[in-house]
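Notes to accompany the following structure.
Derivation of every value follows stated rules applied to the coordinates shown; laboratory data play no part. Bear in mind the structure is a predicted one, so any value in this text is a computation, not a measurement. Cβ coordinates were reconstructed from backbone atoms using ideal geometry, including for glycine residues, and neighbour counts include every protein chain displayed.
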Amino acid sequence: MFTKLTPAFFNVFFSFLILSTSYVVCAEATPPTTLKEISDTEDMAESLVEKKIEEGKPRQTPLSTILAIHTEVKKGNLAEASKSLDMRYLPKEIAAIGGEELLRQLVIIWSQQHILDLYSLSDQPEGHLNDGLPDYRELLGIIESSNGPVSLYLQRVPAGKGERVWKISNATVANIPELWKEFGYNKHIELIAKYLPEFKVFHMSNWQFICFILLIVITWFLTGVIRSLAKLIFAKKAKHGTALEHFFGHSVRMFLFFILIDYGTNYLGLSMQAKVWLTVGTLKYLAAAYIIIGLMEVITALYLLPRKEGAYSAALIRPLMTTAKIIVVLLILLNWFESAGYNIATILTGLGIGSLAIALAAQKTLENIFGAFTIYVAKPIQAGDFCKFGDITGTVEEIGLRSTRIRKLNRSVVHVPNSIFSSKELENFAEIDRRHYQREFRVRLDTTSDQLRQMLIKMRELLLCHERVLPTSARARFEYIERDAFVVVVNCYVDTKSIIDFKGVAEDLNLYILDIIRDLGIQWAIPQQELLMGKAIQTNPELVQAAHDNMEALRNEEKLPFPDFSEEDIEARKDSLKYPAKGTLQKAPDVDEIIEDGENNEAHDAPSRA
């Protein structure tokens with residue numbers, strides 16, 4: 001069944017995950033109670049408690065009664081707090097439960113659905129007069145039960161000596177046992193809780209926190225089965241196995257991990273304060289973050305699989321996807337803040353001011369990012385290219401957002417910031433279309449001109465005959481006469497891009513040229529000093545006399561060409577030495593043909609000059 005994963009399978013699966021993620025994000029977009037409301041309520045309760053203690057008039061108003069219960073429950077003094085319950089006219093079985101236990105149950109039931117809405121409570125002895133209720137009754141809140149909504153009331157009752165105080169009404173107290181059956185804790189759990197140390201963590205009681213930790217451990221091991229199955233199923237997939245294994249083994253696992261924890265915490269009877277942190281959005285936002293980022297990663301991996309590692313699309317998509325993941329995390333974080341009750345506009349304003357400071361502090365980082373995009377657009381190099389940058393020579397391994405990684409010839413790694421890499425000269429050897437071969441051969445000064453001619457002929461034949469030598473700019477020339485050598489330069493191009501292949505062809509050419517020089521009996525001009533012992537070589541006296549006679553004749557005729565020839569001599573000698581020389585394969589052009597071609601060129605260029 002898993003031997004072939006078709007594109008249709010991926011489309012259906014990804015669509016399902018996207019829809020489920022949308023549900024996760026949107027399900028708790030507007031929670032009934034937000035984190036900010038709870039924080040504000042706790043702060044206001046503290047300030048109001050201090051104020052009412054200073055006034056010293058407990059239970060005179062609905063607000064003071066609730067604050068008195070809140071203060072005593074927080075201290076753990078349920079006996080004092082239960083005095084705010086109206087225990088009159090209760091059935092015997094309910095009265096037998098006791099005021100302390102009834103109040104404890106009411107506090108637990110209330111905390112599961114509400115927080116203290118102190119703004120809705122009246123601070124007047126008469127209570128609210130416009131709520132449609134009798135003047136001795138005040139609505140505290142409504143509990144949504146399986147049998148319908150149950151109203152909780154405060155009631156003003158006699159307290160002796162003609163005074164009247166506000167208490168939780170006896171009708172509300174009578175409903176507590178039924179509500180406890182639905183929202184209360186199991187007897188066995190409460191029994192275990194008695195043997196545990198008394199503590200609270202994140203508004204969770206001792207047994208709730210321990211059960212929450214156990215839920216995390218059990219869920220982690222259960223979702224670990226998905227990771228094992230992913231390894232088993234996708235291990236043999238050569239092309240896309242790693243990407244799919246990571247997606248199912250990590251992203252889908254974490255998605256289900258948080259969803260199952262969110263589902264399981266609904267059965268722990270958590271208070272509203274704990275629910276705000278856990279079940280009302282936080283866990284679902286974490287699940288959404290994991291599955292969305294996982295989808296982005298697997299789509300990126302599957303997109304890059306058929307492409308070469310050094311392709312620019314592959315080099316560009318990774319930093320872009322990293323940026324996209326950061327944006328997704330920021331959006332999810334902003335949505336969480338909004339669901340927590342905070343003003344997004346205020347947060348964004350703060351981010352705008354903060355981003356300016358960050359931009360100034362991260363100026364170099366931004367330069368490197370823009371340098372990376374310059375490299376991606378201009379494409380001077382790509383991963384795998386062998387290049388030279390300044391004094392660094394090596395192979396480009398990766399082009400990142402901040403720097404480009406180059407592995408040098410000694411296998412060490414250099415990270416060059418993109419801002420520098422994109423602004424300086426770069427020599428890319430991978431763009432070479434052919435390799436240049438140029439060598440200088442220095443032969444001794446006692447080499448005859450005929451030997452030089454023979455050597456040049458053989459070298460030119462070699463360049464013409466060799467199948468790896470391109471005809472473009474292939475030449476062998478006698479270029480320099482130096483104080484200790486004749487210099488012959490061989491220049492050509494080899495039809496290869498590979499430096500390894502070029503080294504082989506260059507070696508072959510060197511060996512052929514070495515054979516040519518040795519076959520002709522030519523000696524290398526080796527830098528050295530020679531000390532000759534003997535008589536100086538005498539100049540031929542006949543040649544000396546002939547030179548003297550020639551110079552005397554020129555003096556007598558006043559035709560010495562110093563500092564230069566006369567105009568008549570220049571005109572007489574002009575073009576008298578033909579090139580190529582007589583006896584070569586190329587025939588020297590005739591003088592009349594040269595003149596005729598010159599006249600034709602003059603006639604052709606005249607209109608353009610006019």
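Observations on the model:
- Counting 0.36 nm for each residue step from residue 412 to residue 100 and taking away their Cα separation leaves a gain of 104.8 nm.
- Relative to the current alpha-carbon distance between residue 515 and residue 398, full extension at 0.36 nm per residue lengthens the span by 37.5 nm.
- Taking the C-alpha atoms of region 380-446, convex hull volume expressed per residue in Å³: 122 Å³
- Approximate spin-label separation residue 481-residue 190, in nm, with each point projected 7 Å along Cα-to-Cβ: 12.1 nm
- Low-density loop cleavage sites - trypsin sites (Lys or Arg not before Pro) in region 169-219, where at most 13 other Cβ are within 10 Å (DSSP): 200
- Amide H contacts under 5 Å for residue 495, placed H, 5+ residues apart: 470
- When the inverse distances between all different Cα atoms of region 414-535 are averaged and flipped, the Kirkwood radius reads 17.0 angstrom.
- Label point distance in nm, residue 442-residue 136, each placed 7 Å from Cα along Cα→Cβ: 12.5 nm
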